[in-house]
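Got a structure for you, questions after.
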Amino acid sequence: MLIETKRGSWDMKVAVVDFSPYPVVLGKDWAGLTQQVAQAGEAVREPFHKQKWVMGARVVRNQSQGYSWGRRESTRGPSMNWKPVIRWAPLSDKAHIPTRAYDGAAGYDLYAAQEQVVPAQNRALINTDIQVSSPPGSYLRIAPRSGLALRHAIDVAAGVVDPDYRGNLAVLLVNQSNTDYKICPGDRIAQMICERIWHPKLTKYKELPDTQRGGKGFGSSDKGQAGESQPPGKGKQTEQDQTLREEIKSLREELEKLKAGQNQASPQIITPETATGGTNSRPRYVGEA
Ligand SMILES: O=c1ccn([C@H]2C[C@H](O)[C@@H](COP(=O)(O)OP(=O)(O)OP(=O)(O)O)O2)c(=O)[nH]1
């Protein structure tokens, strides 16, 4: 992860945790760099001895014992005056600072830096002429403005801005209407939301435990919709699974009926009276091995 401070940036191996407002953990190996990062007031937590976590401490060089902590502020909770910052820089004089219309708004409105027409039923990439850098452990997502979506059917596609991206922040507008839509410099065209990310280790399993939902999706809970999705290339296997599921379902139903004292004369069931094994035979399904 690229750790950025006022003094510069370092590409460091970090563990990303979800502890607001300290989203990254720097390992002991990084103590040397931690000093600089901590002093710059960035998101830093460092494993202290005996698995205590020291937050917001300033690292002081101790010649005999390696690194120790000085001016410790807290060992329990975040007390450092660290505030997440979205850094931005204009790339031209057409750039606008992203703004929030209300204090409670989730997103920062993004402004077009160029004039461009988004053709009907087509899309266009609009530059904002700003560079952005999200706080450690986060990324920026570009989302539609509901007003544009409602009034002009202008939607936003793509929209994931990687934390290490330093190019011109561009908004991919999609015009779903039958009328061309003209964008002028200074128009608010989308909004940018800062979201947490984490990178759990990807671990491969042979198969994953079943769930109540299973493969159902895409409106499966809507009335009268099957909605079972098939992973690519798994069609045959899924068909077999489906047949098995249906068999199991019908067997369950039979069992339920049996339990309820119904359907005693089901041709699928051999009862003690009809079984060749004598009266001690338990009721069993014909197909049972
Ligand atoms: O709406 C968007 C989407 C992306 N980007 C920028 C930031 C992002 O970090 C970069 C790459 O985007 P993404 O990873 O989604 O695209 P990709 O097609 O996977 O490209 P790459 O191979 O460069 O990652 O483009 C934007 O400015 N606006």
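The values are calculated or read from the model by the stated rules, or taken from the named source; none is laboratory data. Predicted model, so just to flag it, every value in this text is computed and none were measured. With ideal geometry, Cβ positions are generated from the backbone for all residues, glycine too; neighbour counts draw on all protein chains shown. Surface accessibility is based on the protein's heavy atoms, side chains included, excluding ligands, DNA and RNA. Shrake-Rupley method; radii C 1.70, N 1.55, O 1.52, S 1.80 Å.
Heads up, I need the accessible area for V85: 1.4 angstrom probe, whole protein in place, Å², nearest 10.
Counting only protein heavy atoms, V85 exposes about 70 Å² to solvent.
Pull out the extension gain between C184 and E115, defined as 0.36 nm times the separation in residues minus the alpha carbon to alpha carbon distance; nm, one decimal.
24.4 nm
Over all pairs of distinct alpha carbons, what does the Kirkwood formula give as the hydrodynamic radius of segment 87-196, in Å?
13.9
So what J values fall out for segment 114-126 if you push phi through Karplus, 6.51 cos²θ - 1.76 cosθ + 1.60 with θ = phi - 60°, rounded to Hz, Gly and Pro as x?
Per residue, the Karplus-derived 3J(HN,Hα) values read 9, 8, 7, 9, 9, x, 3, 6, 8, 9, 8, 9, 10 Hz.
Do any trypsin sites (Lys or Arg not before Pro) in segment 116-182 lie in a DSSP loop with no more than 13 other beta carbon atoms within 10 Å, and if so, which?
R166
At 1.4 Å probe radius, can you tell me the per residue accessible area of segment 87-196 in Å²?
52
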